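One structure is given here, and the rest of the page talks about it.
The values are calculated or read from the model by the stated rules, or taken from the named source; none is laboratory data. Please read these numbers as outputs of a predicted model, since none were measured by experiment. Here the Cβ positions follow ideal geometry from the backbone for every residue, glycine too, while neighbour counts run over all protein chains shown. Side chains are part of the model used for accessible areas, which takes the heavy atoms of the whole protein and leaves out ligands, DNA and RNA. Shrake-Rupley method; radii C 1.70, N 1.55, O 1.52, S 1.80 Å.
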Amino acid sequence: MLLNPERELAEVRLLVVEDEAITRLAVVDALRRAGLTVLEASTTEEALALIDAGARVDLVFSDIHMPGAKTGLDLARTLRLRRPEIPVVLTSGTQQSAANMALGAAFIHKPYSFAEVVAVLTTLVQGQAER
Amino acid sequence: MTTPTVLLVEADILIRAPLAAYLRDCGYRVLEAAGPAEARVYLGEASIAIDVALVDIERAGGDPAGGHNGFALANWIREKYPAVAISLAGSTEGAVGDARELCDEGPALRKPYDHQFVLHEIKRLLAARNRQKSLR
């Protein structure tokens, strides 16, 4: 699925799901500097609460290893069922490629550079790459 | 002039996210903390200079490790980081009364948040803090 290539970056609402506060802050700062509108959640439960409450989210970038009952993979599975139009990009320090491929989610390996994350997400947003 | 940084400690993401977005639109850098544990991480990071902490005393979230509730967090911030201006939010009379004892710079915020009022309160706290700095 491709996002609308005509869409301005600032109009795109990206949800970052990351439990490590400093990591989350650093990556959302980098993404905001790149021009994206970023929502942030510290758990997958928070992410789903936002989406279920009707917050507009065009793209989700989530860590896989999260505290609480649901991991990032669970979040991706839930969104695939409930909101399949929302692309999901997952990240982890361990290889999860098989699981990600089964979910149709893109994957960025940790540790990542912010430039890499910004490049992958903005490319996805701009519709220049397929999930 | 650098962008003032606001630490927003609020457990309910449906309250935290729109308030944070509003304050960002107003030009602030907003750090979102889902609870005291995250707030302490931000406060302890030397590279982050926090100007104002907006703490929900009832719903800032508990700390399973035995740390702080929102009210205790505010006390802790005041003791450990006295340069950080604190604004407290709560919805019950008792909590607000306690908050007034802690936060003598001004009234506590009542919930549900009026975003405009929160903005004015942050501006007021920043102005008061800058005045204090200029007097030193």
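A compact table of results
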quantity	calculated
Residues satisfying the stated conditions in region B:17-39, i.e. at the interface with chain A (Cβ under 9 Å from one of its Cβ atoms), assigned to a helix (DSSP H, G or I) and surrounded by 20 or more Cβ atoms within 10 Å (Cβ to Cβ)	B:17, B:20, B:38, B:39
Flag if residue A:76 is within 14 Å of another protein chain (Cβ to nearest Cβ), in contact (Cβ under 8 Å) with a residue 24 or more places away in the chain and open to solvent by less than 50 Å² (accessible area, probe 1.4 Å)	no
Subset tally (residues that are surrounded by fewer than 22 Cβ atoms within 10 Å (Cβ to Cβ), among the aliphatic types (A, V, I, L, M) and touching a strand residue (DSSP E or B) at 6+ places or on another chain (Cβ under 8 Å)) for region A:79-89	1
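Let's see how each residue does on (1) at pLDDT 95 or above; (2) assigned to a helix (DSSP H, G or I); (3) away from chain B (no Cβ under 14 Å):
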position: A:5; (1), (2), (3): no, no, yes
position: A:25; (1), (2), (3): yes, yes, no
position: A:39; (1), (2), (3): yes, no, no
position: A:48; (1), (2), (3): yes, yes, no
